[in-house]
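Everything below concerns the one structure shown next.
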Amino acid sequence: MSVVLLLSFSLFYLYSSISTAQSPSQSYPYGISYHIDCGGSTELTDRFNTAWQADRFYTGGSTAIVSEPLRFKHPQEKTLRYFPPSSGKKNCYVIPNLPNGRYYVRTFTVYDNYDGKSHSPSFDASVEGTVVFSWRSPWQEDLARSGAYSDLFAFVSDGQADVCFYSIATDPPVIGSLEVVQVDPSSYDSGEIGQGYILVNYGRLSCGSGQWGPGFSNDTDLFGRSWQSDSDFRVSESEKSIKTVVTKNAIAGTEKSPNYFPMRLYQTAVAVGDKEELEYELEVDAKLDYLLWFHFAEIDSTVKKAGERVFDILINEKNVKRIDIFKEVGSFHAYSWNYTVKNLSSTTLSVKLVTVAGAVLLSGLENYALVPADLATVPEQVNAMKALKDSLKIPDRMGWNGDPCAPTTWDAWEGVTCHKNKNGTALVIFQIDLGSQGLKGSISDQISLLSNLVSLNLSSNSLGGTLPDGLGQKSLSRLDLSNNQFTGSIPETLTSSSLQLVLLNDNSLEGRVPEELYSVGVHGGAIDLSGNKGLCGAPPLTECPLFWENGGLSYKGKIAVGVSSAFVFCMLLLVVYVICLRRSRHDYDFGLPQDLMSLYAKRNRYQRQKSLMNLEMESQHAKALQSPSTPR
């Protein structure tokens, strides 16, 4: 839902320049704030003692200076950042490391013919994934030259504030300054309204005074709110009897949690005579609901008791509240009341205060559009897409910034298609089509977090590396990675998906193709693995070696090695068992030691040899005695 900011009540012009919140009091517990001079290159401090930071936290774009810098009072208004088509359709400021909670966000938008083209740009601006401001060319002349401030209240739940800009046609979005200030999370009745709305300022009026607050005066507003005079919004008929009431007395009940309304707001008021009406006409968008916040304080010391000043509040002629300030809080005490207007049928919202007793008295009036927060992408899928952005080396021209899918009124990231999840509470990544984009990176393993991804096309790029195991989501039905430089094997996890189309041709893949992957073609799908010389498997691919593939052992080879190792191990166990068994049978054998046994054997051999020699000598001697005598 967009809010068209071509309405003067929602804008503050150059000569009512805005600064940031002053230093909070010791009792104010919210101290985080960023004041960024978009396009500025140095730190600076303005005349209201607000420190502005040099430009930072942007995703792309270029810097420029307004064509007439001397017309601008504050240095942070003289520079700007613009986002040309080369930076992509979507660009953002991403403020990091923020505690979750509510934040006041204010932007200064200016054109001032910085580019010499005399063409104010058309673009949308979003906060936390919800479109809040829309600019359409041509701008009003005073807007184009002087610029405008716009502000809102939004919740941050992911630790960072995203302020994004979306180009219409080829127009470059522009921004002059950006402020993000932490505020009380319970402010503006958030407990009743809920965190599902962004409060966009459609008029913050101070009655009986000029513009004041940070940037207008030295008056403090702890939220950094600036207040504009109510005079431009009063209906002319009520001007005749209008009088201003002013006091310097302290007003009790101000600068208190959760809204921290400043005392200055309640020290002035407008009043009308008896039996008169005070009427305002506020321009609105009939498609939205509006939160009206009324401010009162009995600062007329002549009113001494309840019943002396009583009046009714009528919204679009409907009587919604009777007010007796003294009865509610007494005198010199702040009193606020709010009302939500729904089901509008007109672009004008009428607010009347009608006298019942005494005179009408009003100190301030705020009008906020309740813009429903848009759906956001599931956080883990946001992280996965950011990882893919880095690993695929997505070029700036594609505008992959902010939430991949939100706002839903914009196109998602280029090449990305999103759908709602099953219960309609968030957005999920449905399709990625980045064929022929000149990509030179790899596929992050965090792609496994894209559990709703149905189609992935990264064909005809220069992507490399291995295919991650997480590629095989069950939801995936179409996969085209053809004409790249992927290496390694096809992951087994691809067989667990619901693939109907598999195009892996013309890469450098190798190894065995999982047998289940062939079922894609068998069941009516299409598969192409050609152009990968290292792949093997079923025909028409070459047959895989029995025990060797992918430069190492194949699956069967590993099994064979495992079986062989187990057999050898078992045999070793058997040998050890037999030896132990035999030794156990001779536990009580007290034989001689082995070395003694050896000596004993050698001695026996010696004795046997000696005996044999003696026997031989005896035999020879006996033969000599038996021979006949020789003749004499």
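Just a few scattered comments:
- Note on exposure: F486, F569 ranked by accessible area (1.4 Å probe, complete protein assembly) read F569, F486, with the most exposed listed first.
- Under 5 Å between amide hydrogens, built in the peptide plane, is the criterion, and for V245 it picks out A269, V270, A271 among residues at least 5 positions away or on other chains.
- Residue-wise HN-Hα coupling along region 535-543, computed from phi with Karplus coefficients 6.51, -1.76, 1.60 (Hz; x: Gly, Pro): 7, 8, x, 6, x, x, 6, 5, 6
- Modelled FRET efficiency - R0 51 Å, E283 with D390, Cβ distances, 0.05 increments: 0.70
- Per-residue SASA remark: S489, around 50 Å² accessible (1.4 Å probe; ligands, DNA and RNA not included).
- Using R0 = 22 Å, the C-beta based FRET efficiency linking N423 and L344 works out to 0.15.
- Take the Cα of V561, step 7 Å toward its Cβ, do the same at L574, and the gap between the two points is 2.5 nm.
- Extension gain, S496 to A169: 0.36 nm times the residue separation minus the Cα-Cα distance gives 113.5 nm.
- Using C-alpha pairs below 8 Å separated by at least 6 residues, the relative contact order for region 142-258 is 25 percent.
- Counting only protein heavy atoms and using a 1.4 Å probe, the accessible area of Y202 comes to about 0 Å².
- Additional length obtainable on full extension of the chain from R47 to V320, 0.36 nm per residue less Cα span: 94.0 nm
- Per-pair calculated FRET efficiency, R0 = 45 Å: N100 and Q485 via Cβ, rounded to 0.05: 0.60
- List E279, E77, ordered by accessible area with a 1.4 Å probe, largest first: E279, E77
- Modelled label positions at T63 and K248, each set 7 Å beyond Cα in the direction of Cβ, lie 4.5 nm from each other.
- Sparsely packed loop sites in region 238-268 (the trypsin sites (Lys or Arg not before Pro) outside DSSP H, G, I, E and B with at most 15 other Cβ atoms within 10 Å) comprise K248, K256.
- Taking amide H as placed 1.01 Å from N in the peptide plane, the amide H of C544 sits under 5 Å from that of G537, each at least 5 places away or on another chain.
- The overall shape of region 216-303, judged from the alpha-carbon gyration tensor, is oblate: a/c is not under 1.5, and a/b is no greater than b/c.
- A simple spin-label model places pseudo-atoms 7 Å from Cα toward Cβ; at S455 and N113 they are separated by 4.8 nm.
The values are calculated or read from the model by the stated rules, or taken from the named source; none is laboratory data. Just so we're clear, the structure is a prediction, and the values are computed from it rather than from any experiment. Here Cβ is always computed from backbone atoms with ideal geometry, including for glycine, and neighbour counts include all displayed protein chains. All accessible areas refer to the heavy atoms of the entire protein, side chains included, with ligands and DNA or RNA removed. Shrake-Rupley method; radii C 1.70, N 1.55, O 1.52, S 1.80 Å.
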